[in-house]
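The values are calculated or read from the model by the stated rules, or taken from the named source; none is laboratory data. Because the structure is predicted, anything quoted here is derived from the model rather than measured. Glycine also receives a Cβ, built like all others from the backbone with ideal geometry; neighbour counts cover every protein chain displayed. Each accessible area value is taken on the protein alone, full model and side chains, heavy atoms only, with ligands, DNA and RNA left out. Shrake-Rupley method; radii C 1.70, N 1.55, O 1.52, S 1.80 Å.
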Amino acid sequence: MLLWLVIAYLAVSVGIGLYAATKVHNAKDYITAGRNLPMALVLAMVFATWFGAETVLGISATFLEEGFRGLISDPLGASICLVVFGLVFARPLYRMNLMTLGDYFRIRYNRQTELLLSICIIVSYLGWVSAQITALGLTFNVLSNDLISTHQGMLIGAGVVLIYTLFGGMWSVALTTFVQMIVIVIGLLLVANNAAEQAGGVASVIAKASAEGKFDFLPTFDPIDMLGWIAALLTMALGSIPQQDVFQRVNASKNETVAVWGTTLGGVAYFFFAAVPLFLAYTANIIDPAMVKKFLADDSQMILPTLILNHMPFVMQVVFFGALISNHEHCLRYLTCAFGDIHRKRIERLCASNDRSSVLMGNPNDGFSVHDCRDLLCHCNRLQYSHHGRERLSHHSCRSLRSARGRVVLEKSQ
């Protein structure tokens, strides 16, 4: 029964995503949602950037094993990354009117740099995406009582993601994420309240965790420990800034104010709400210490699902697992967008679907190539952006546009 309710929830998510696909008319709609997203949707998407199944199952298990000291990179470093991106980088990047983060590296440097860094971005996502999909597969495995294996659950989850993400792009991500964030926030708060009652109250849980040193987060004076602590913090706080996921949220905003404050407030919300899974994990240590000890030695990610199945009423089980699977959809989108940027297929679609002009291609030997199209688009971005925020047309850009290989004909649409 529980599994079928979760499947029904997934079906609703697919329906929302496919409805959002009706708003997609060109490449700009697909990648940036037409830059029309309001504050509520942007804040929800930024909050959802790293808050997924891995956050609920992964960092909560780390908290039981290592305390706050094991969570320096996530959620602390991740939250700092979002806040810094919002306050420092969101406004200038938004003004550049780019499609993907790779476009910035092309405009600022060259095509080779864009290609190299896009590959680095893709590689850097593999571990994180793997963690999200693995946690999702584990969820299906638990819900089906081993009827569905973890690997089969991973394939099911990935398939659901691909169905509507490939059709609806950023619009699908935005609408489904907004609904799912409501489910996650309400669901986890209800479950945490029920767990707190069983564990003797919120104050009792916090006091016991503090007595065990779980809230100690600063490193010792040992040089190796300090170096590891700083590295863990800065790797996430600064190393995740040049990434496609955060940039997409900023770039889809309807104006600069939404881009800046949606990202900043989303980072703050992520830091504080990430404490809810940590609280849940420690209540498990009080409610069923034997179970926690068993899974700490075997598979610590099973602690929360087992707690919910064995000690929560059916309604709370539906709420928890519905929240758990709610926020995995966005993780594959970043890889597909960065991968597509390398192959430049979207540029062909963009040129073909532009509602202001069309690019006529003649003979391949004297026509307008995809690379030339990309050059033209990047020069157009230069014309739209300056460090002073004013539009300008440089003589260098005019000469560059005229020197494009082949014959270029722009016709205004009728």
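Would you mind stating whether A40 is in contact (Cβ under 8 Å) with a residue 12 or more places away in the chain, under 28 Å from A131 (Cβ atoms) and open to solvent by 40 Å² or more (accessible area, probe 1.4 Å)?
Spelling it out, A40 is indeed in contact (Cβ under 8 Å) with a residue 12 or more places away in the chain, under 28 Å from A131 (Cβ atoms) and open to solvent by 40 Å² or more (accessible area, probe 1.4 Å).
Looking for whichever is surrounded by 16 or more Cβ atoms within 10 Å (Cβ to Cβ), closer than 27 Å to L10 by Cα and not aromatic (F, W, Y) here; the options are S118, S172, S130, S149. Which one fits?
Criteria check complete, one pass: S172.
For L57, indicate whether it is in contact (Cβ under 8 Å) with a residue 40 or more places away in the chain, out of contact with any strand residue (DSSP E or B) (no Cβ under 9 Å at 6 or more places or on another chain), open to solvent by less than 10 Å² (accessible area, probe 1.4 Å) and not in a helix (DSSP H, G or I).
So L57 fails the test.
Out of all the residues in the stretch 288-308, which are in a helix (DSSP H, G or I), farther than 13 Å from L57 by Cα and open to solvent by 40 Å² or more (accessible area, probe 1.4 Å)?
Hits for the stretch 288-308 are P289, A290, K293, K294, A297.
Which one of these does V142 not meet: (1) out of contact with any Pro (no Cβ under 6 Å at 6 or more places or on another chain); (2) in a helix (DSSP H, G or I)?
V142 satisfies all of (1) out of contact with any Pro (no Cβ under 6 Å at 6 or more places or on another chain); (2) in a helix (DSSP H, G or I) except (1).
Among what's in the stretch 191-223 and is among the hydrophobic types (A, V, I, L, M, F, W, C) and crowded, with 16+ Cβ neighbours inside 10 Å, pick the residue that is modelled with the lowest pLDDT.
The first filter runs over the stretch 191-223 and keeps only residues among the hydrophobic types (A, V, I, L, M, F, W, C), leaving 191-192, 195-196, 199, 202-203, 205-207, 209, 211, 215, 217-218, 221.
Narrowing the set further to residues that are crowded, with 16+ Cβ neighbours inside 10 Å leaves 191-192, 195-196, 199, 205, 209.
On the way: V191: 88, A192: 91, A195: 92, A196: 93, A199: 91, V205: 92, A209: 91.
Ranking the qualifying residues of the stretch 191-223, first place goes to V191.
Scan the helices (runs of 4 or more DSSP H) fully inside the stretch 149-254 and keep the ones with 1 or more residues being within 26 Å of the chain's Cα centre (by Cα) and not β-branched (V, I, T).
Qualifying helices (runs of 4 or more DSSP H): 150-199, 223-237, 244-251.
Quick check, is M236 closer than 21 Å to L71 by Cβ, at pLDDT below 90 and open to solvent by 10 Å² or more (accessible area, probe 1.4 Å)?
So M236 passes the test.
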